[in-house]
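Working notes for the structure below.
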Amino acid sequence: MRIHATVQVEVVVMTTMPKAFEQAARRHGVPESVLLAVSYMESRWDCNGGKPSTAAGFGPMHLTDGAALSTSRHHHIDGDEDPRGDDSRPALRPVEPAERQDGLPASLHTLERAAELTGESIERLRKDPAANIDGGAALLADYQRTVGAPPSADPADWYGAVARYSGATAEETAAGFADEVYEVIHEGATRMTDTGTEVTLPPSPEVHPSRSWLARLDLPHLARADGVECPGSLPCEWIPAPYSQLPNGKYGNHDIADRPTSQTIHYIVIHDTEELYNKTLALVQNPSEMSWHYTLRSHDGHLAQHVLTKDVAWHAGNWYVNAKAIGLEHEGFLAAGGTWYTEAMYRTSAKLVRYLADRFGVPLDRAHILGHDNVPGLVPEKVKGMHEDPGPYWDWAHFFDLMGAPLRPDGDSGTATVMILPDYDRNRPHYTGCDKDHPAAACPAHGSASVWLHTEPREGSPLVKDIGKHPTGQSTFSVYDHAARAVTGQRYVVAERRGDWTAIWYLGQKAWFRNPGSAPVAVPSRTRMATPRPGLDSVPVYGRAYPEAAAYPPGVAVQPLVPLQYKFAAGQSYTVGLTTTGEFYKATTFDTTQHRVVRGTQEYHQIQFGHRVMFVRSEDVVVTEA
């Protein structure tokens, strides 16, 4: 059983939300389980303050309105860095912020149709949860009539209407959405929404959908290339990233390799796009831009692959990690409060990650399933510019639940190591920076996977400092600033306990967070931990695990072992996530015959040193079981 913290949240309007589902279902003759499950897939029952999604959708039923599309804030896909994450060649041009465009198919302009069906105003359908739910129920009933299905009380008969609600333009994508809706109906769900009420859908494992209604939608089939690497249960599109030679000796936008034969894949990296889906696809198809292996669309979880897993995409801002990782971009914006990290996208991503992890032997833990915000800077000067996505609103616990690898306590109150594990929905820390026009304003209350870390065991004490991210300043409460945060699934060594407060070793210092026994935000979790070898005052930490100089053959420049700016001092301990030997992939030219994999004998341990993972040499530390 997972142990969660309970944080008091303010209930605004949502005491009426379960009633709204009940009434809308009855009014329009839609089975309540179907209505609840569709809403859960589209929004996880959140209202999102009346703000639109990346697909211009509003409210718990994700009613869409193309007129709501506006200018996106910024673009994160490594356009402001060396795209490979090293200094091997000049950076490609930065990417300018893109203008949102109404690229939605006609089937996704549902707000106006809901207004016609219900007589409600567009404004109420956008902002009033009950009206929005009623509009969604009216749409489902309308779709049921359109496909010629009966106004049935049996949820099984609504498969065609559910598939059409996805707005998908290919049969496989529509069917994938509908199948996930019926999985939700089978499993049931309970969740506290973003406005503080609990909504429950009881499980109905006896429901078996009538998939024959899908043919009534008359949708074209999705073109699926023979080489696409996705679970057979997922509709997956092949939209290739180009491997092209460019002027002045440059090339893009990835490197050809032969993984896992040539190099072990250690990581799967979770990103968000900070961009809309169509623009994201345009970027990855441009040889002068960045690349990643897969993109997932928000509103329906649709999946596209761009780079074969054997090849190295340029996505993480760290060449060592790039060479050992598969990168997944999720349509969304980290400062949007997790608003449009939809259930549809979580479920597709979880199935994909589980498939990739099983195929390549990647352990399902937070030492191997990284956020982009957990990837270290290669060298000291790179640390400050590393990215922050997917941010504190990505629900890691739910993600691991969906992968069938739930994060659970392992140990007792005396265990020396802990795993961060707050209750996402009830854990609502203070953040700023969600409103670009008012950066100091508090973000709307929303569930979060992160906890703040303080210098002392009391509320109001300063946040701990990250000298790499803030060389001259202090950590802040910005949603973009993870300098003083620990996040779900990360494991740390306990430095001290005082009453309701726990201190962990974090970036060379004690970092305190409130962790009462009655409602903990961290749980015992046994793992290995590293301590400086006796006689050493401190040991260096690195942003890459490269080979020793003697391992490099003639013609391959030695990559220096440059420590990062942090201090891992005697008396401190950090959890060990994996152990590996040094490796460097030289791939700096378009001519693949010049590529080389350099392997050494230098052994490294990956440690959870702060919010990011880092590396220490095995001879510098002693590793023990917690």
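The values are calculated or read from the model by the stated rules, or taken from the named source; none is laboratory data. In this text the structure is predicted, and so the values were computed from the model without any measurement. All Cβ positions, glycine included, derive from the backbone under ideal geometry; neighbour counts span all protein chains shown. The accessibility values were calculated without ligands, DNA or RNA, using every heavy atom of the protein model including side chains. Shrake-Rupley method; radii C 1.70, N 1.55, O 1.52, S 1.80 Å.
General remarks:
- Flag for Gln559 being open to solvent by 10 Å² or more (accessible area, probe 1.4 Å), farther than 25 Å from Ser262 by Cβ and either touching a helix residue (DSSP H, G or I) at 6+ places or on another chain (Cβ under 8 Å) or in contact (Cβ under 8 Å) with a residue 24 or more places away in the chain (or both): no
- Pick from the range 496-514, criterion closer than 23 Å to Pro392 by Cβ and small (Gly, Ala, Ser), ranking: surrounded by the most Cβ atoms within 10 Å (Cβ to Cβ): Ala511
- Residues of the range 410-422 that turn out to be open to solvent by 20 Å² or more (accessible area, probe 1.4 Å) and either more than 24 Å from Ile268 (Cβ to Cβ) or touching a Cys at 6+ places or on another chain (Cβ under 9 Å) (or both), as a count: 5
Okay, residues lined up against (1) of a type in the set (Val, Ile, Thr); (2) closer than 30 Å to Glu187 by Cα:
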{"residue": "Thr417", "(1), (2)": "yes, no"}
{"residue": "Arg426", "(1), (2)": "no, yes"}
{"residue": "Tyr431", "(1), (2)": "no, no"}
{"residue": "Cys434", "(1), (2)": "no, no"}
{"residue": "Ser448", "(1), (2)": "no, yes"}
{"residue": "Leu453", "(1), (2)": "no, no"}
{"residue": "Gly473", "(1), (2)": "no, no"}
{"residue": "Ser478", "(1), (2)": "no, no"}
{"residue": "Val487", "(1), (2)": "yes, yes"}
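- Residues within the range 381-394 that are assigned to a helix (DSSP H, G or I) and open to solvent by 40 Å² or more (accessible area, probe 1.4 Å), tallied: 2
- Here Glu112 fulfils each of the conditions (1) at pLDDT 50 or above; (2) assigned to a helix (DSSP H, G or I); (3) over 26 Å from Asn278 (Cβ atoms) apart from (3).
- Residue match in the range 338-350 (condition: over 30 Å from Phe58 (Cα atoms), at pLDDT 95 or above and either crowded, with 24+ Cβ neighbours inside 10 Å or in contact with a strand residue (DSSP E or B) (Cβ under 8 Å, 6 or more places away or on another chain) (or both)): no
- Close pairs (8 angstrom Cβ cut-off, 6 or more residues apart or separate chains): without any contact (Cβ under 8 Å) to a residue 60 or more places away in the chain in the range 545-556, of a type in the set (A, V, I, L, M, F, W, C) and open to solvent by 20 Å² or more (accessible area, probe 1.4 Å) anywhere: Glu548/Leu561; Ala549/Val558; Tyr552/Val558
- All conditions but one from (1) in contact with a Phe, Trp or Tyr (Cβ under 9 Å, 6 or more places away or on another chain); (2) under 20 Å from Glu171 (Cβ atoms); (3) not small (Gly, Ala, Ser) apply to Val207; the one that does not is (2).
- Taken over the range 198-214, the criterion of being at pLDDT 95 or above and not in a loop (DSSP other than H, G, I, E, B) is satisfied by Val199, Thr200, Leu201, Arg211, Ser212, Trp213, Leu214.
- Considered as a group, the residues in the range 48-58 that are within 15 Å of Tyr341 (Cα to Cα) and touching a Phe, Trp or Tyr at 6+ places or on another chain (Cβ under 9 Å) include one that is most open to solvent (accessible area, probe 1.4 Å), and that residue is Lys51.
- Matching residues in the range 565-585 - criterion: being part of a strand (DSSP E or B) and open to solvent by 60 Å² or more (accessible area, probe 1.4 Å): Thr581
- Residue match in the range 586-597 (condition: touching a residue at least 60 places away in the same chain (Cβ under 8 Å), buried (at least 18 other Cβ atoms within 10 Å of the Cβ) and of a type in the set (Phe, Trp, Tyr)): no
- Residues located in the range 515-556, provided they are open to solvent by 20 Å² or more (accessible area, probe 1.4 Å) and either in a strand (DSSP E or B) or closer than 27 Å to Thr488 by Cβ (or both): Asn515, Gly517, Ser518, Pro524, Arg526, Arg528, Met529, Thr531, Ser538, Arg544
Results for (1) over 19 Å from the mean Cα position of the chain (by Cα); (2) among the aromatic types (Phe, Trp, Tyr); (3) under 27 Å from Gly196 (Cβ atoms), shown as yes or no for each residue.
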position: Asp423; (1), (2), (3): no, no, yes
position: His430; (1), (2), (3): yes, no, yes
position: Ala441; (1), (2), (3): yes, no, yes
position: Ser448; (1), (2), (3): no, no, yes
position: Val451; (1), (2), (3): no, no, yes
position: Pro457; (1), (2), (3): yes, no, no
position: Gly468; (1), (2), (3): yes, no, no
position: Ser478; (1), (2), (3): no, no, yes
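- Count of the range 226-260 residues which are of a type in the set (Gly, Ala, Ser), surrounded by 15 or more Cβ atoms within 10 Å (Cβ to Cβ) and outside any loop (DSSP other than H, G, I, E, B): 1
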